[in-house]
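Notes follow the structure.
Rule-based calculations on the coordinates, nothing more; no lab input. No experiment lies behind these values; they were computed from the predicted model shown. Neighbour counts are summed over all protein chains in view; Cβ atoms, including those assigned to glycine, are modelled from backbone coordinates with ideal geometry.
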């Protein structure tokens, strides 16, 4: 006679003199202990030998669930698998399942540090926005809806950070699935534009006019920024480099004898693909600025350090530099600069270079790869050509900022 729910209810937690076993169907049976504990079991033959395996305890597992489990295990048996082994594999997979935090940290260690520029910033964004909210959830069980809720809350505060988070999480999940750490990719089909309503403006930012450039320069001088921070702004403007390239620059990268700043592949954006260093010339005029920055750094190995301790200059610090410049421009020079950001310095430099040198040299100065097959066959660093443009840029820059009053529009 088959097992019924009523029979299970009457047998549960009822003390008895001996262990009882009762069969159901398809190999399903129950074992009732002397204290009334009920365990569902599956009996089968594997390679001609009788075997059994526990499925679960009543009432955590219902009779219906036990029968469904037997159907699943019988299918495995018919496919030639030992259901006991498959059960153990499944159990270990659950026990070894990564949380969102452990998975993102593993991806950062195994992939990001090796292949992506700005690895520290990526980890910090996870630590600030992801780990406190859903870090403890199993990665494979975190739904698209959960990720959407997190990203929407970040978007409301900073759309650009939300967009970068989505990109990095999507890359992590793709990597994790490829390596067997996840069975699904909950944000694979999500985009910042369609799902988070984040629209990137390719024309965002600006190149300063000569008048605005004069204001930026003198506002920087009058601002409350530390001396080393002012040098950071000036060097970013002169080199037209990415702020991150300067922020994490090591003293050893600057060769004053050969007058070259050589950024290793792992520290610049295109180095991930080219595997080649980025080389910029050091003209005589700019070397004193670099030497002064080295003297002011609290870390003898880094060009720039934190304001109060010998650590790497944080990205949050440099991102806030423009606020001090904006305040000084508005309050001391009565010349507001709405929407100004540090990256505008790079665009300003590139715009000015257009009239000072050939386009391909200007692109090399920015740290961009040359287009198409050009980059495949042309491995020249154009140091002399870069130096010529930098000298012209220095002369123009000094002419603009040395004036007592801003140039007329």
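Details
- Seen through its C-alpha gyration tensor, with square-root eigenvalues sorted a ≥ b ≥ c, region 96-178 comes out oblate because a/c lies at 1.5 or above while a/b is not bigger than b/c.
- Modelled this way, with points 7 Å down the Cα-to-C-beta line, the labels at residue 119 and residue 37 are 4.8 nm from one another.
- Computed from Cα atoms, the angle from the helix 383-401 axis to the main principal axis of the chain rounds to 70 degrees.
- Residue among 63, 326, 104 with the largest mean-square fluctuation in a Gaussian network model of the chain, springs linking Cα atoms under 10 Å: 63
- Between 0 and 90 degrees, the angle of helix 144-157 with respect to the longest Cα principal axis of the chain falls at about 30 degrees.
- Relative contact order of region 210-401, pairs being alpha-carbon contacts under 8 Å that are 6 or more residues apart, as %: 29
- Protection proxy ranking for 161-172, 140-151, using the average of other Cβ atoms within 10 Å per residue and placing the highest first: 161-172, 140-151.
- The chain: most fluctuating residue of 88, 78, 185 per GNM, C-alpha cutoff 10 Å: 78
- Estimated inter-spin distance, residue 64 and residue 221, nm [label 7 Å along Cα→Cβ]: 8.1
- Shown here: the chain, whose C-alpha atoms stretch 103, 50, 41 Å along the first, second and third principal axes, sorted largest to smallest.
- Axis of helix 159-178 versus longest Cα principal axis of the chain: the two differ by about 50°, to the nearest ten degrees.
- Going by neighbour counts of Cβ atoms within 10 Å, the residues 44, 256, 239 line up, fewest first, as 256, 44, 239.
- Segment residue 331-residue 272, length gained on full extension (0.36 nm per residue, minus Cα span): 16.9 nm
- For region 5-95, alpha-carbon Rg and Dmax in angstrom: 13.8, 40
- Extension gain, residue 158 to residue 394: 0.36 nm times the residue separation minus the Cα-Cα distance gives 81.4 nm.
- Rounded if a/c under 1.5, otherwise prolate or oblate - region 230-283, Cα gyration tensor axes: oblate
- Label-to-label distance, residue 88 versus residue 71, with points set 7 angstrom from Cα along the beta-carbon direction: 2.8 nm.
- Between 127, 90, 221, the Gaussian network model of the chain with springs among Cα atoms under 10 angstrom shows the greatest mean-square fluctuation at 90.
- Region 124-223: C-alpha gyration tensor shape, a/c 1.5 cut-off, then a/b vs b/c: prolate
- The packing ranking, built from the mean of other Cβ atoms within 10 Å per residue, places the peptides 107-120, 15-28 in the order 107-120, 15-28, highest first.
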